[in-house]
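These notes concern the structure reproduced below.
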Amino acid sequence: MDDNTRTELEAAAFRALLAHLDKRNDVQNIDMMNLAGFCRNCLSRWYQEAANARGLDMDKDAAREAIYGMPYADWREKYQTEAGADKQAAFRKSFAENVAQPKDG
């Protein structure tokens, strides 16, 4: 498979993932993070990092809107639910293992 075809397939799979997540707005980010080690916010960060690496000026809010399909604050208001202490504790562990940057020294 040539690189261009691979990129097109990867882009199609990514668009399908975003469409799936859009349909499943009942799935909370905290649950995704606790089970899979990533969430919509991770996707938006990766999207922003890819844009920035290519010299595109994209901030966190623009990246989140690209992933959520609306401003992040609107998504949170419409779909985010309160997480219990057990989910929050699991999130802190998952975040530390999957997202947090190791400290130098």
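Structure values in brief
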{"quantity": "Accessible-area composition of the chain, carbon plus sulfur, in percent [1.4 Å probe]", "calculated": "52 percent"}
{"quantity": "For the chain: accessible area per residue (Å², 1.4 Å)", "calculated": "72 Å²"}
{"quantity": "Rg followed by Dmax, in Å, when the chain is reduced to its Cα trace", "calculated": "15.4, 48"}
{"quantity": "Radius 12 Å from Cβ of residue 99, net charge of other residues (Lys, Arg +1; Asp, Glu -1)", "calculated": "+2"}
{"quantity": "Spatially near lysine pairs across the chain, Cα under 22 Å, sequence gap of 8 or more or different chains", "calculated": "4"}
{"quantity": "Value of [θ]222 nm, deg cm²/dmol, for the chain, DSSP H segments ≥ 4, -39500 (n - 2.57) each, nearest 500", "calculated": "-22000 deg cm²/dmol"}
{"quantity": "Residue of 45, 15, 54 that the Gaussian network model of the chain assigns the largest fluctuation, springs spanning Cα pairs under 10 Å", "calculated": "54"}
{"quantity": "Choice from 31, 57, 74 with maximal GNM fluctuation in the chain (Cα, 10 Å cutoff)", "calculated": "57"}
{"quantity": "Within the chain: Cβ-based charge dipole about Cα centre, in debye rounded to nearest 20 (Lys, Arg +1; Asp, Glu -1)", "calculated": "280 debye"}
{"quantity": "Most mobile of 18, 35, 56 in a GNM of the chain (Cα contacts under 10 Å)", "calculated": "56"}
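The values are calculated or read from the model by the stated rules, or taken from the named source; none is laboratory data. Just so it is clear, the structure is predicted and the values come from calculations on it, not from any experiment. Every residue, glycine as well, gets a Cβ built from its backbone with ideal geometry; the counts of neighbours run over all protein chains shown. For accessibility, only protein heavy atoms count, side chains too; no ligands or nucleic acids. Shrake-Rupley method; radii C 1.70, N 1.55, O 1.52, S 1.80 Å.
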